[in-house]
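One structure below.
The values are calculated or read from the model by the stated rules, or taken from the named source; none is laboratory data. Just so we're clear, the structure is a prediction, and the values are computed from it rather than from any experiment. Positions of Cβ are generated from backbone atoms using ideal geometry, with glycine treated the same way; all protein chains shown enter the neighbour counts. Calculation scope for accessible area: heavy atoms of the full protein, side chains included, ligands and nucleic acids excluded. Shrake-Rupley method; radii C 1.70, N 1.55, O 1.52, S 1.80 Å.
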Amino acid sequence: MRTDLILKYLGYVFLLNAVFLLISAGVSLYNTEESALPLLFCGIICLVFGVFPMIFVDSREAATHIEGLVIVVSGWLLTCIIGMLPYLMWGGEFTVINAWFESVSGFTTTGSSILTDVEKLPAGILFWRSSTHWIGGVGVIIFVLFVLPRGRKTRHTLVHTEISDLAMTDFQYRAKKVIRILVGVYAGLTILEIVSLKLCGMSMFDAVNHSFATIATGGFSTKNLSIAHFNSLSVEVVIIIFMVVSGLHFGLIFGTIAGKRENLFRSPVVRAFLLVMIIGIVLASLKLYYNGDYGIADSFRYASFQVVSVATTTGFATVDTAAWPAFVQLLLIYFTIQCAMVGSTSGGLKFDRIFIFFKSAAKQLRMVRHPNAVFALKVGHKSISESLERQTMIFIVLYIVILFSTTIILSFMDVDVTTAFSASITTIGNVGPGFGEVSSMGNFSSIPDLGKLFLTLNMLLGRLEIFNIIALIFMRRDV
Amino acid sequence: MKIRLKILLGFLLLASLLMAAGAYSIYEFVKVSRSVNSLIDDNYKTIEASRTMLEALEREDSGILLLILGEWGVGHKIISSADSSFLGAKHIAENNLTEEGEDLLVAHIGHYYTIYKNKWQHPNGSSLRQGNIVWYLSDVHQNFLAVKKAVNDLMELNQTSMHTEAKGLSDRSKRAIMPGIVAIIAALIFSFILNFFISSYLIRPIRGLSKALKSYFPGSRDFDAGIKTKDEFKQLETRIQEMISRMESKANKG
């Protein structure tokens, strides 16, 4: 393994963060805030560490698969460490653990927070907080590769490490084009949402921050009450639309815009994803209405926002769901498990895997009836290979094992069962809010420090698709 | 890029990192020091002045009671000394208006004190009020309480502000320490990486050259130290290759 080559790519990660840190410092300076200096200092550190490897390493050789794995995983860890620096420098509620939690939650687009009063933070830090979502949404390495002009082989290796095999089935292009599509759709949607929110009467600052958080399916808000603060139907509608779009496969969004054969309308997974979400909204609305919580219009309004917010793993809130009936809470827990589609900015289990799981279960049932027959697993007109099917099943099992392990660990630390389970499920799914003490209007400040560390591990596992981290941990045995 | 330039740039980056951290730390410490000064100047002075005013008011109140009891000499002496100390403290408060709404509170003190002073200044020369406790309770004491409340309000405003400032000071001192800590950690990591690069791009080529020279013997394959960089080591490898070929051609001719 060539350490210098890995360091060179990690340098690019530093430079990417430096750009956003310097923009955040600019936001602070514009608002004449004290946070300008911490942000500027962190930006300088990143700049120095980013430029340093470029001076020494002039190797243009391609990265191997193992090197690619190390670059991707350590790139994510590094960016999370960089992300915590401005919080640490600022102080206030940010202890070392809290800063790490907020940073990992930002970059993995989880959106869980330890802050009890978000509005106390200066604009520069709030912008940096939203930027972590935006950088992490499309993927740190994808951003780096978008800027890098050369290195076809390395680009191919890194793209296939960062994006899951399942997501790549809908990207029938070369790595360079995949990166362009991802970043293009991502930036385009962000600009479109900023304009839409501005037209709804939001301030430019709030519009940018909330757009970063929506398109990245993150969930960090600049307000303590999240989207409830604005109490605006038009704002909610705009955010719902963009949450849904961000939860779809970006390759299919591009296909739809470009008039390709692979598009949103032809994908059975998209149809199923939207159908399940609509069923969820209808059931939640009916239950809230018949329970007497709200009138029919408000029931539909709140239910649709919360279901879409959780189902796309965004995590914005317009109401405290902890006070909702148990049936609706269970429904939301289901959506927390399900997550959005592969190829989107969301993390966690992903709806496509559940779709394949049910298809595979149906195939197994058919095989029981016809033991000698050969059945192919198909999603639309595409065949899913045996290895991809097996990989999906193992992923689901590992996901459940990790989920329950974290719940048990948190319970051991005297966290109540509801909070422990929902905190575990919401962090591994990169959703954000849960129930109990970590509900949509609550925060994670009450979780013990060690518990917070386990939850950040969950977030990283959910974001990096488990296999990458496990492969890296056991890498020495393979090499 | 030449090795000398690479190392120079590496150290320049390290130096710029440390300089940025140093400058930032100094700036934060200067701000902490300014905060301490403002804590003393802005609030503590007024709090002390308020305390003096309250003490003077209590003394004036005792003096008035002595007047009512007919102790003219002692009462008058106490009142005039308390009055001058009250006015002195009020002057300090008037010249130290640093908080929002402080000017209004100081004006209130002046207003109520004038009314209060009028109450005890005029009956001073007559014996009409002697033993008149009803007059004291219904008229003088009420005004005394009004002045006292105004002074207390001023003190509370400054105490609250001082508390907020002190809390901010704790955050600021942490902020002043953080750049130092981050810079130390960053410099350590930077040194390790620099050491790694020096080892990779300086020591490894030297070893490669040494190994290649040791294993080389006339007539064997081309001299190759396996240097891939485009720096002085590559030049050295090329020079050695040229030297060997010159020596070999000379030996062949001989």
* To do: Take the range A:128-156 and flag every residue that is open to solvent by less than 20 Å² (accessible area, probe 1.4 Å), modelled with pLDDT of 90 or more and either in contact with a strand residue (DSSP E or B) (Cβ under 6 Å, 6 or more places away or on another chain) or hydrophobic (A, V, I, L, M, F, W, C) (or both).
  => A:W128, A:I135
* Asked: Inside the range A:376-401, can you point out the residues that are surrounded by 18 or more Cβ atoms within 10 Å (Cβ to Cβ) and either of a type in the set (S, T, Y) or more than 30 Å from A:R366 (Cβ to Cβ) (or both)?
  -> A:T392, A:Y399
* Asked: Pick from A:E236, A:E262: which is among the acidic types (D, E), in contact (Cβ under 8 Å) with a residue 40 or more places away in the chain and either part of a helix (DSSP H, G or I) or under 21 Å from A:M204 (Cβ atoms) (or both)?
  -> A:E236
* Looking only at residues in the range B:161-194 that are away from chain A (no Cβ under 12 Å) and open to solvent by less than 50 Å² (accessible area, probe 1.4 Å), which one is nearest to the chain's Cα centre (by Cα)? -> B:A166
* Lone unmet requirement of (1) at the interface with chain A (Cβ under 10 Å from one of its Cβ atoms); (2) open to solvent by 20 Å² or more (accessible area, probe 1.4 Å); (3) in contact with a helix residue (DSSP H, G or I) (Cβ under 8 Å, 6 or more places away or on another chain) for B:E28 -> (2)
* To do: Look at B:D224 and say whether it is assigned by TED's automatic domain parsing to the domain that holds B:E28 and over 42 Å from the mean Cα position of the chain (by Cα).
  => no
* Among the helices (runs of 4 or more DSSP H) contained in the range A:36-108, which hold 3 or more residues that are away from every other protein chain (no Cβ under 14 Å)? -> A:65-90, A:96-107
* Asked: Hey, does the range A:358-366 have a residue that's closer than 29 Å to A:I179 by Cβ and either open to solvent by less than 40 Å² (accessible area, probe 1.4 Å) or not in a helix (DSSP H, G or I) (or both)?
  -> no
* Structure fact -> The one condition B:F223 fails out of (1) under 24 Å from B:K6 (Cβ atoms); (2) assigned to a loop (DSSP other than H, G, I, E, B); (3) open to solvent by less than 80 Å² (accessible area, probe 1.4 Å) is (1)
* Flag if A:T406 is assigned to a helix (DSSP H, G or I) and open to solvent by less than 40 Å² (accessible area, probe 1.4 Å) -> yes
* Please give the number of the condition A:L275 fails out of (1) over 19 Å from A:I354 (Cα atoms); (2) out of contact with any helix residue (DSSP H, G or I) (no Cβ under 8 Å at 6 or more places or on another chain). => (1)
* Structure fact -> Per the filter on the range A:21-35, residues within 11 Å of chain B (Cβ to nearest Cβ), in contact with a Gly (Cβ under 6 Å, 6 or more places away or on another chain) and either open to solvent by 30 Å² or more (accessible area, probe 1.4 Å) or in a helix (DSSP H, G or I) (or both) are none
* Asked: Could you count how many residues in the range B:195-212 are of a type in the set (A, V, I, L, M, F, W, C) and at the interface with chain A (Cβ under 8 Å from one of its Cβ atoms)?
  -> 2
* Got at least one residue in the range B:51-71 being more than 14 Å from chain A (Cβ to nearest Cβ), under 30 Å from B:K117 (Cα atoms), surrounded by fewer than 17 Cβ atoms within 10 Å (Cβ to Cβ) and within 30 Å of the chain's Cα centre (by Cα)? -> yes
* Could you identify the single residue in B:D42, B:D103 that is part of a helix (DSSP H, G or I), within 29 Å of the chain's Cα centre (by Cα) and at pLDDT below 90? => B:D42
* To do: Could you identify the single residue in B:N252, B:N158 that is more than 12 Å from chain A (Cβ to nearest Cβ), crowded, with 16+ Cβ neighbours inside 10 Å and in a helix (DSSP H, G or I)?
  => B:N158
